[in-house]
Ligand SMILES: C[S@@+](CC[C@H](N)C(=O)[O-])C[C@H]1O[C@@H](n2cnc3c(N)ncnc32)[C@H](O)[C@@H]1O
């Protein structure tokens, strides 16, 4: 065994990235490689290929669907009220300011299976703002979007989510917002009324809407710095003056050119505001 | 002989005590990055890092995404995130599913490091109550890196070192007091011209 094992694996990944681009126009070139390597390897194994090169050959031969590629490679791991302190910060610092706009548009990018946007909907409801809101929740994983649209989740997660909700300063009980049946929970339809789920690829698609709040958590960590900067610029361009951006707890805007216009409102919660001039 | 350019360490139950013991003597003349995945419950690593910094030869910090794996710094995976290292030396985080019930996962860190550093890597698996790290250490050794395992007989919880030994084998099985000196010596010997 030699130093070259890693180089060979990395080279196979680049060939896969080329194949996905050529065959499906799916651009993965801006993704951080280490975690992508692992996911492509797992996809090759799941689909019964000997290695990544065999998977790439299948892609080249047109034997895979683009949606299958995306759902195999994207990571719709999420939960309700993940990092409760972020949701209490949104409740305390952002929602009261949003209240000053007659119509509120919110873009949640990378919504995965929807738990986060429903959490946000609950906050807005409790603040009496929900009826004034239009919420766009986007992702490039169609299978995840379909689940988000259904709003049906495994009951086994509900206990942890209730705790998160309480820690986020929830005013009622999370159980008030869903109907439990057997092994799943179904979120109340009134939470869905103003949420529009839509396909949007952050790599290739442009500004989605003009928003008072853009929420994009735990998506940028999968991108290399250049793509992070590009996507942050798109978020910045989507925000109205005085609008808010909320990122994941371990993401940052430090080195991005867009950071020039964004002021930290709560650095720990990764909440920024677009300066007004 | 190729030089050693990084050290990865994995530990779980009893890991904090183990880190306190090995980090003071992990002090080679030639500085290399040290990356740690330790399954801790606390959301905020600041206290833990301060505590370990106070006893370690090198500063201990929480790893941040897109930062470089810095020589002479001990970088810990944040809780709730996998820590990975790129071939460029940049650090990445992910919230991919848990592996062996763990996030951060030792397997994920070690596997990425094996691809990034190959023969220039030392992997250390210590005390813990699950099987995380066994697969990762196998990858490290398969890539030509050096595998070190804490002697299961003295480990606070022996499940993890035993699992690693069974699946990956080891170049050295050592009590905690000898791990730091061994790794340091290896780094310095390999860096001699
Ligand atoms: C780890 S989940 C984060 C879910 C949620 N925001 C949270 O923090 O709990 C990452 C999501 O980003 C989506 N994603 C990754 N790349 C994307 C892209 N280029 N365009 C749109 N969504 C993307 C994935 O499909 C996945 O659902």
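Please treat every number below as a calculation from the coordinates, not as lab data. Treat the numbers as computed from the prediction; the structure is a model and nothing was measured. All Cβ positions, even for glycine, are placed from backbone atoms using ideal geometry, and neighbour counts span all protein chains on display.
In terms of its Cα atoms, region B:44-144 spans 35, 28, 24 Å along the principal axes, sorted from long to short.
Region A:104-251 gives an Rg/Rh value of 0.97, both radii derived from C-alpha positions and Rh following Kirkwood. Could you compute the FRET efficiency for residue B:17 and residue B:57, with r as their C-beta to C-beta distance and R0 at 25 Å, rounded to 0.05? Working from the Cβ atoms, E equals 0.90.
Normalised by the number of residues in chain A, what is the relative contact order in percent for Cα pairs under 8 Å and 6+ residues apart?
Rounded, it is 17 percent for chain A.
Taking the helices alone, chain A has a mean residue ellipticity at 222 nm of -11500 deg cm²/dmol, built from -39,500 (n - 2.57) per DSSP H run of at least 4 residues and averaged over all its residues.
When B:76, A:43, A:93 are sorted by how many other C-beta atoms sit within 10 angstrom of their C-beta, beginning with the fewest, the order is A:93, A:43, B:76. Remark: mean inter-chain Cβ contacts per residue of B:112-122 equal 4, using a 10 Å Cβ-Cβ cutoff to other protein chain atoms. Among the residues of A:37-45, the average count of other protein chain beta-carbon atoms within 10 Å of the residue beta-carbon is 2. The ranking of B:5, B:158 from fewest to most other beta carbons within 10 Å of each one's beta carbon is B:158, B:5.
Kindly identify region A:1-81 as rounded, prolate or oblate by the Cα gyration tensor criterion: order the square roots of the eigenvalues as a ≥ b ≥ c, call it rounded if a/c is under 1.5, otherwise compare a/b with b/c, prolate if a/b is larger, else oblate. Oblate, because a/c is 1.5 or more while a/b does not exceed b/c. One decimal place: the segment residue A:61-residue A:47 gains 3.6 nm when fully extended, by the rule 0.36 nm per residue minus the C-alpha distance.
Give the shape of chain B as rounded, prolate or oblate, defined through the alpha-carbon gyration tensor: a ≥ b ≥ c are the square roots of its eigenvalues, a/c under 1.5 means rounded, and otherwise the shape is prolate if a/b is larger than b/c and oblate if not. Rounded shape, in that the Cα axes give a/c under 1.5. Using the Cβ-Cβ distance between residue A:264 and residue A:97 with R0 = 22 Å, the FRET efficiency computed as 1/(1 + (r/R0)^6) comes to roughly 0.90.
From most to least packed by mean Cβ count within 10 Å, the peptides B:47-55, A:127-135, B:31-39, B:118-126 give B:118-126, B:31-39, A:127-135, B:47-55.
Other chains near B:85-97: what is the mean number of their Cβ atoms within 10 Å of each residue's Cβ?
Across B:85-97, the average partner-chain Cβ count within 10 Å equals 6.
In terms of the mean number of neighbouring beta-carbon atoms within 10 Å, the peptides B:181-191, B:144-154 order highest first as B:144-154, B:181-191. When DSSP beta bridges are restricted to pairs lying wholly in region B:76-193, around 40% turn out antiparallel.
Between A:230, A:108, A:212, the GNM of chain A built on Cα springs shorter than 10 angstrom shows A:230 fluctuating the most.
Any idea what log10 I(q)/I(0) is at q = 0.24, 0.25 Å⁻¹ for region A:125-176, Debye with uniform C-alpha scatterers and no solvent? Computed log10 I(q)/I(0) values: -1.09, -1.08.
Here the calculated FRET efficiency for residue A:173 and residue A:193, from their Cβ-Cβ distance with R0 = 25 Å, stands at 0.75, rounded to the nearest 0.05.
Distance between the pseudo-spin-label points of residue A:180 and residue B:191 (7 Å out from Cα toward the beta carbon): 5.8 nm. Please label the shape of the protein assembly as shown as rounded, prolate or oblate, based on the square roots a ≥ b ≥ c of the eigenvalues of the alpha-carbon gyration tensor (a/c under 1.5 means rounded; beyond that, a/b larger than b/c means prolate, else oblate). Verdict is prolate for the protein assembly as shown. Remark: the residue B:29-residue B:50 segment gains 5.3 nm on full extension, using 0.36 nm per residue and subtracting the alpha carbon distance. Working from label points 7 Å from Cα in the Cα-to-Cβ sense, the residue B:98 to residue A:162 distance is 1.9 nm.
Modelled spin-label separation between residue A:150 and residue B:153, with each label point placed 7 Å from Cα along the Cα-to-Cβ direction: 5.5 nm. Relative to the current alpha-carbon distance between residue A:207 and residue A:54, full extension at 0.36 nm per residue lengthens the span by 51.4 nm.
Distance between the C-alpha centres of region A:71-141 and region A:142-205: 11 Å, rounded to the whole angstrom.
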